[in-house]
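Everything on this sheet refers to the single structure shown next.
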Amino acid sequence: MEIVIANKSHIVYADIICKTIAEAAQVRGTGIAKREPEYVAAKMENGNAVIALEGDKFAGFCYIEAWGHGKFVANSGLIVHPDFRNLGLAKQIKEVIFKHSRTKFPDAKVFSITTGLAVMKLNSDLGYKPVTFSELTDD
Ligand SMILES: CC(C)(COP(=O)(O)OP(=O)(O)OC[C@H]1O[C@@H](n2cnc3c(N)ncnc32)[C@H](O)[C@@H]1OP(=O)(O)O)[C@@H](O)C(=O)NCCC(=O)NCCS
């Protein structure tokens, strides 16, 4: 498994990423926003995404959203393909994107918005502290 900062060579995976997100949203019914392939592709081109690949097979993805001129950064759109779940991949992706966020936006407050139990657990393990929306950007 390789987990890397995505670049424009990964744009070929934008469709399957959005499809996997849409399928997960359908299964869960709530709390997972739809993403368009163009949006995901732009994140890759700008070096604001992490992708996990097993050979040339898509395994997982996450991207950075920045607000308030880089003062606030969220790690968003986390998705692991069903074939690769429960192997610790989401945890590894979150670690890579957290380090990348720190490097690229050293002065930002890094946060993660979630309605999912698995991601809440992951975030706690990584040292994130729970806050209300009033402590985040109002953007
Ligand atoms: C949520 C998701 C990213 C987890 O990916 P994963 O690679 O299977 O997660 P990991 O294997 O790294 O597991 C991380 C932890 O979460 C736990 N976990 C995984 N899936 C879980 C679930 N459905 N419910 C509760 N806990 C779960 C694991 O047990 C593990 O905890 P541990 O370290 O104490 O064993 C993946 O299931 C997914 O893509 N789901 C659909 C999309 C989604 O919900 N995205 C998040 C939107 S906020």
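The values are calculated or read from the model by the stated rules, or taken from the named source; none is laboratory data. This structure is a prediction, so every number in the text was calculated from the model and none was measured. Every residue, glycine as well, gets a Cβ built from its backbone with ideal geometry; the counts of neighbours run over all protein chains shown. Side chains are part of the model used for accessible areas, which takes the heavy atoms of the whole protein and leaves out ligands, DNA and RNA. Shrake-Rupley method; radii C 1.70, N 1.55, O 1.52, S 1.80 Å.
Among the residues of this structure, Pro106 does not count as one that is exposed (fewer than 15 other Cβ atoms within 10 Å of the Cβ) and within 19 Å of Ala14 (Cβ to Cβ).
Taking (1) of a type outside the set (Ser, Thr, Tyr); (2) at pLDDT below 95; (3) open to solvent by 30 Å² or more (accessible area, probe 1.4 Å); (4) more than 11 Å from the chain's Cα centre (by Cα) in turn, Gly70 satisfies each apart from (3). Looking across His100, His69, one residue alone is away from the ligand (no atom under 16 Å from the Cβ), closer than 13 Å to Val4 by Cα and assigned to a helix (DSSP H, G or I). It is His100.
Selection over the range 116-139 of residues that are under 14 Å from the mean Cα position of the chain (by Cα) and assigned to a loop (DSSP other than H, G, I, E, B) gives a count of 1. Is one or more of the residues making up the range 76-95 under 21 Å from Glu2 (Cα atoms), small (Gly, Ala, Ser) and in contact with a Lys or Arg (Cβ under 8 Å, 6 or more places away or on another chain)? So far as the range 76-95 goes, yes, one or more of its residues are under 21 Å from Glu2 (Cα atoms), small (Gly, Ala, Ser) and in contact with a Lys or Arg (Cβ under 8 Å, 6 or more places away or on another chain). Just checking, does the range 43-65 include any residue being of a type in the set (Ser, Thr, Tyr) and open to solvent by 20 Å² or more (accessible area, probe 1.4 Å)? Scanning the range 43-65, I find no residue that is of a type in the set (Ser, Thr, Tyr) and open to solvent by 20 Å² or more (accessible area, probe 1.4 Å), so the answer is no. Taken together, the residues in the range 73-87 that are out of contact with any strand residue (DSSP E or B) (no Cβ under 7 Å at 6 or more places or on another chain) and either surrounded by 13 or more Cβ atoms within 10 Å (Cβ to Cβ) or outside any loop (DSSP other than H, G, I, E, B) (or both) amount to 4.
Restricting to the range 109-122, and then to whatever is open to solvent by less than 60 Å² (accessible area, probe 1.4 Å) and either at pLDDT 95 or above or aliphatic (A, V, I, L, M) (or both), can you tell me which residue is farthest from the ligand (Cβ to nearest atom)?
Quick first cut of the range 109-122, residues open to solvent by less than 60 Å² (accessible area, probe 1.4 Å) only: 110-112, 114, 116, 119, 122.
Then drop every residue that is not either at pLDDT 95 or above or aliphatic (A, V, I, L, M) (or both), which leaves 110, 119, 122.
On the way: Val110: 15, Val119: 5, Leu122: 5 Å.
The qualifying residue farthest from the ligand (Cβ to nearest atom) is Val110.
Residues in the range 1-36 that are among the hydroxyl-bearing types (Ser, Thr, Tyr) and more than 16 Å from the chain's Cα centre (by Cα) were compared, and the one that is surrounded by the most Cβ atoms within 10 Å (Cβ to Cβ) is Ser9.
Within the range 75-97, the residues that satisfy the criterion of being within 6 Å of the ligand (Cβ to nearest atom) and among the charged types (D, E, K, R) are Arg85, Lys91.
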